[in-house]
Structures are given as structure tokens and as C-alpha cells.
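The values are calculated or read from the model by the stated rules, or taken from the named source; none is laboratory data. Everything numeric in this text was worked out from a predicted model, so none of it was measured. As a convention, Cβ positions derive from the backbone with ideal geometry for all residues, glycine included, and neighbour counts pool all protein chains shown. The accessibility values were calculated without ligands, DNA or RNA, using every heavy atom of the protein model including side chains. Shrake-Rupley method; radii C 1.70, N 1.55, O 1.52, S 1.80 Å.
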Amino acid sequence: PAPATLLNVNGIEVIYNHVILVLKGVSLQVPEGSIVAILGGNGAGKTTTLRAVSNLLQGERGEVTKGSIELRGERIENLTPADLVKRGVVQVMEGRHCFAHLTIEENLLTGAYTRTSKPEIAANLEKVYTYFPRLKTRRTSQAAYTSGGEQQMCAIGRALMTNPSMVLLDEPSMGLAPQIVEEVFNIVKDLNTREKVTFLLAEQNTNMALKYSDYGYIMESGRVVMDGAAASLANNEDVKEFYLGMG
Ligand code: ATP
């Protein structure tokens, strides 16, 4: 049987500052256990789409004014980001938001702040270290003195400390050397395969994202202009002409 739809975004409109219409009816589906990529250039609306799902628009003076967002069939537009974390949805923001003055391990532990069972937290930390051996080596280093790749891994690791079923990943490749991007995406794929974590990621790096995703949505000016299985998008002539080589 086809996997159940975990996330269903249905025709959402998003307006910033009461006047700026940024998403003009965006729909997308994320099947349970999949990796889905939202692709497109600067300002296409990828980040806004992720923020709408994780309800992080408010701080940006944005709001969903039309459409609906459902997680396992339940409407979630009015849930707080903390409620969403409890339901297994966590966002890793663009630009690797680690606490610079904390060590890597302290950063990871901040991800577990809502949890109480010390043995479970310890087990989760060890699990993060098995996926990110680099973080284990750097566990006592202050995040400020680690590399960009290590900080991106730390941000993903911290999200994993909430024990999520779905991770929203905003532009994980940003500012990283291609080899490090591959390393990060390989770990994402591993987490997806072995831990059954579902990923919805936003990427300008079309080639890399399609290589690791199951399905892709291409956005332009606040709309989805094309979608399809990752392999078919990667072979599509229009996609090759306009989007490959970006990022
Ligand atoms: P990027 O890769 O640059 O983040 P993106 O595809 O993620 O691009 P968004 O960040 O979602 O695009 O931005 C979509 C549009 O919304 C852009 O025109 C941007 O200027 C506008 N926008 C984003 N955040 C705000 C905000 N807080 N207030 C007003 N306009 C915003």
C-alpha cells in the first residue's frame, strides 16, 4: 500500500505585514517516511512555506490567510511551534542557529529541554553521535570554533534531540563546500532509511536535493510551478535548463 500522507498543505496563502502576498496558493503533500524537496531560487517562497508549516510566521509578522495545513489529517495552523514539537514536527532554520558560546554537546542538549527522562535523553544523544561521529569528536568544543558543516550538523542533531517524526530543513547546503553538503545529505538519507524520519527540505541546490529526495516541488514567485518524482525532475529538460547548476 502507498504510505499515508503525513503532511498535507492545501492551497495556502501567506501575507507578511498585512499587505505583502508571498504565497499564492501553495499545495504539497509529504508521505510518511519520505524525503520531499522544495526547490527554487531566492525569494521563491521556500522558507515561507516551511515557516507556515511550523507556525514560525508570527515572529516575522506573517500569517496564513487562506488554505489549510494538516498533519495526519488534523489541522495544525493554530498550533504553537512547541505544540508541533510535541507532535513530532521540528524545524531546522536556515543559517545554522547554534548557540555560539555553548559546546556542541550543550547545544545538542538544548534540543531536549522539554524532555524529562535522563536515560532517554542520554540514549538519544548517543544515537545522534552515531549518525554524526564528527559531533562526538567535537562534543566539548565551543560551537563558535567549529566548522560550518559541523554547525549545520549540530543544528540537525539538536532537532533530532526532540525525537521528531518530521524534520523541516531549511537550506542545509547553504555556505558549505560540496563534499560537506554530500556528507550532510548522506546522513539525512541514513536517518530517513534507518530511523524512518520524514524530511521536508528547502533547497536552492537542485542537483544535490534531487539526488537525495524522493519527490520535488519547484516554486517560483510564491507558487508551485512543477512537481514530480525526484528522478523524473532531474531528467526533465526544463528543470535541467533552468534549475540544475543553481545553488
Ligand atoms: P531564500 O532562499 O532567499 O530564503 P525563499 O524561497 O526561501 O528564498 P522566502 O524567504 O520564503 O523565499 O521569501 C519569499 C518572499 O517573501 C521574498 O520576496 C521575501 O522578500 C519575502 N519575505 C520573506 N520574509 C519576509 C518578511 N518577514 N516580511 C516581508 N517579506 C518577507
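Of note:
- Residue satisfying all of: in the range 14-41; surrounded by 17 or more Cβ atoms within 10 Å (Cβ to Cβ) and within 10 Å of the ligand (Cβ to nearest atom); nearest to PRO164 (Cα to Cα) among these: ILE38
- Residues that are assigned to a helix (DSSP H, G or I) and crowded, with 18+ Cβ neighbours inside 10 Å within the range 188-206 comprise VAL188, LEU191, ASN192, THR206, listed in sequence order.
- Selection status of GLU120, surrounded by fewer than 17 Cβ atoms within 10 Å (Cβ to Cβ), away from the ligand (no atom under 16 Å from the Cβ) and either part of a loop (DSSP other than H, G, I, E, B) or of a type in the set (D, E, K, R) (or both): yes
- If you go through the range 124-150 and keep only what is closer than 20 Å to PHE199 by Cβ and open to solvent by 40 Å² or more (accessible area, probe 1.4 Å), you end up with LYS127, THR130, ARG134.
- Against the conditions (1) assigned to a helix (DSSP H, G or I); (2) within 17 Å of the chain's Cα centre (by Cα), ALA231 satisfies every one except (2).
- For the residues GLY216, GLY222, the requirement of being open to solvent by less than 50 Å² (accessible area, probe 1.4 Å), within 16 Å of the ligand (Cβ to nearest atom), in contact (Cβ under 8 Å) with a residue 60 or more places away in the chain and over 25 Å from ALA159 (Cα atoms) singles out GLY222.
- Candidates ALA112, ALA159, ALA155, ALA100, filtered to the one that is assigned to a loop (DSSP other than H, G, I, E, B) and open to solvent by less than 40 Å² (accessible area, probe 1.4 Å): ALA112
- In summary, LYS46 fulfils each of the numbered conditions (1) away from the ligand (no atom under 12 Å from the Cβ); (2) closer than 15 Å to GLY222 by Cβ with the single exception of condition (1).
- Top-ranked residue in the range 228-247 [being open to solvent by 60 Å² or more (accessible area, probe 1.4 Å) and of a type in the set (S, T, N, Q); ranked as modelled with the highest pLDDT]: SER232
- Taking first residues from the range 184-201 that are touching a residue at least 24 places away in the same chain (Cβ under 8 Å) and among the basic types (Lys, Arg) and partners that are surrounded by 13 or more Cβ atoms within 10 Å (Cβ to Cβ) and part of a helix (DSSP H, G or I), the Cβ contacts under 9 Å between residues at least 6 apart in sequence or on separate chains come to LYS189/TYR212.
- Yes/no for THR5 being open to solvent by less than 10 Å² (accessible area, probe 1.4 Å), among the hydroxyl-bearing types (Ser, Thr, Tyr) and on the phi < 0 side of the Ramachandran plot: no
- Odd one out for ARG72, checked against (1) over 23 Å from TYR215 (Cα atoms); (2) away from the ligand (no atom under 16 Å from the Cβ): (1)
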